[in-house]
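The values are calculated or read from the model by the stated rules, or taken from the named source; none is laboratory data. Here the structure is a predicted model, which is why all the values come from computation and not from measurement. With ideal geometry, Cβ positions are generated from the backbone for all residues, glycine too; neighbour counts draw on all protein chains shown. Accessible surface is based on the protein model in full, side chains and every heavy atom, while ligands, DNA and RNA are left aside. Shrake-Rupley method; radii C 1.70, N 1.55, O 1.52, S 1.80 Å.
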Amino acid sequence: MSENCIFCKIANKEIPANLIYEDENTVAFNDLNPQAPVHFLVIPKKHYSSLNKLDSKEMFGNIFSVIPKIAKQMGINEYRTVINTGSQAGQTVFHLHVHVMAGRNFTWPAG
Ligand code: 5GP
Ligand code: ZN
């Protein structure tokens, strides 16, 4: 738990979010400002300020293995996954999160 971290507060239920999945290690919830018809975030409950701080292969596996599971539950087969690392890459919340977006066409390269 990192003080003043909004995603730690969501993981700890201190502030509400539209949770769509939870297990021992991870939480997924809808993005407040969706960029696609489906846009949710998967986060580890443990605080890592970015991917650069992720020191656990197990946690990496936990985070990524839930994505296809949630997608399947939602009936989604095609989606874009994004991790922004550092402000130059677009990171604005400094608690590791994976964006999962679906429901429209995506261009490449990402902007
Ligand atoms: P980043 O820019 O760090 O990759 O992504 C942060 C994401 O978190 C943004 O898409 C933003 O809309 C979302 N976000 C920021 N604050 C909140 C919040 O309080 N609740 C939810 N559900 N999403 C948030
Ligand atoms: Zn945090």
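Numbers at a glance
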{"item": "Heavy-atom surface of the stretch 6-102, accessible at 1.4 Å and reported per residue (Å²)", "result": "57"}
{"item": "Gain in span if fully extended, Lys57 to Ile76, counting 0.36 nm per residue against the direct Cα distance", "result": "4.2 nm"}
{"item": "Relative compactness, the chain, computed as alpha-carbon Rg over 2.2 N^0.38 Å", "result": "1.02"}
{"item": "Cβ-derived FRET efficiency at R0 22 Å, Ile83 paired with Glu22, nearest 0.05", "result": "0.65"}
{"item": "With every protein chain in place, the stretch 6-102: carbon and sulfur % of accessible area (1.4 Å)", "result": "50"}
